[in-house]
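Shown next, in structure tokens, is the structure this report addresses.
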Amino acid sequence: QVQLVESGGGLVQAGGSLRLSCAASGHTFYSYVMGWFRQVPGKEREFVAAISRSGGRLYNVDSMKGRFTISRDNAKNTVYLQMNSLKPEDTAVYYCAASRLEYPSPQPTDFGSWGQGTQVTVSS
């Protein structure tokens, strides 16, 4: 399994931006579908975005409405989540995940490796 470490979370005012990073260990990062999920206490983990090995993207359009962009740099073993126009309702712990599937999936159960999460807090 790949080891994942998120970074880049923090406190930001509404309307601001953050870029989350997820660094992966190992030499096979390029072979994984990568995803971002988020979770608030008492709620289920919510799909944010996923990206295929070749860069094909899948987004939770309803929640993110074009404000978030997922990208990956296979040379750096890193996946990113650029978050713009942040809202207080975006406050959550954001998790990076890796999947062996051939295609991006919104289902948490399709992802076998998870990071520890990074807290994002958006103040109003």
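With only Cα atoms counted, the chain has Rg and Dmax values of 13.3, 41 Å. Leaving out same-chain residues fewer than 8 places away, which lysines sit with a Cα under 23 Å from that of residue 65? Hits, sequence-local ones excluded: 43, 87. Taking amide hydrogens as placed 1.01 Å from N in the peptide plane, the amide H of residue 10 sits under 5 Å from those of 120, 121, each at least 5 positions away in sequence or on another chain.
Calculation over all alpha carbon pairs of segment 31-99 in 5 angstrom steps from 0 returns a P(r) of 4, 17, 30, 24, 16, 8, 2, 0 percent.
Given only helices, namely DSSP H runs of n ≥ 4 each adding -39500 (n - 2.57), what is the per-residue ellipticity at 222 nm of the chain, to the nearest 500 deg cm²/dmol? Taken over the chain, the calculation gives -500 deg cm²/dmol. Rounded to the nearest whole Hz, the Karplus-based 3J(HN,Hα) values (6.51 cos²θ - 1.76 cosθ + 1.60, θ = phi - 60°) of segment 39-45 follow the sequence 8, 10, x, x, 10, 6, 5, with x at glycine and proline. Reducing segment 44-101 and segment 1-34 to their Cα centroids gives an inter-centroid distance of 9 Å.
Using heavy atoms of the protein chains and a probe of 1.4 Å, the accessible area assigned to residue 86 is about 0 Å².
In summary, no lysines lie within cross-link reach of residue 76, defined as a Cα separation below 26 angstrom excluding same-chain residues under 8 places away. Within segment 1-77, the GluC sites (Glu not before Pro) that combine a DSSP coil assignment with at most 15 other C-beta atoms in a 10 angstrom radius are 44.
What does the C-alpha gyration tensor say about the overall shape of segment 10-67? Classify as rounded when a/c is under 1.5, otherwise prolate if a/b is larger than b/c, or oblate.
The shape class here is prolate.
Summarising the overall dimensions of segment 73-117 from its C-alpha atoms, the Rg and Dmax are 12.6, 34 angstrom.
The values are calculated or read from the model by the stated rules, or taken from the named source; none is laboratory data. None of these values were measured; they are calculated from a predicted model. Ideal geometry is used to build each Cβ from the backbone, glycine not excepted, and the neighbour counts take in all protein chains shown. Only protein heavy atoms, including side chains, enter the accessible area calculation; ligands, DNA and RNA are left aside. Shrake-Rupley method; radii C 1.70, N 1.55, O 1.52, S 1.80 Å.
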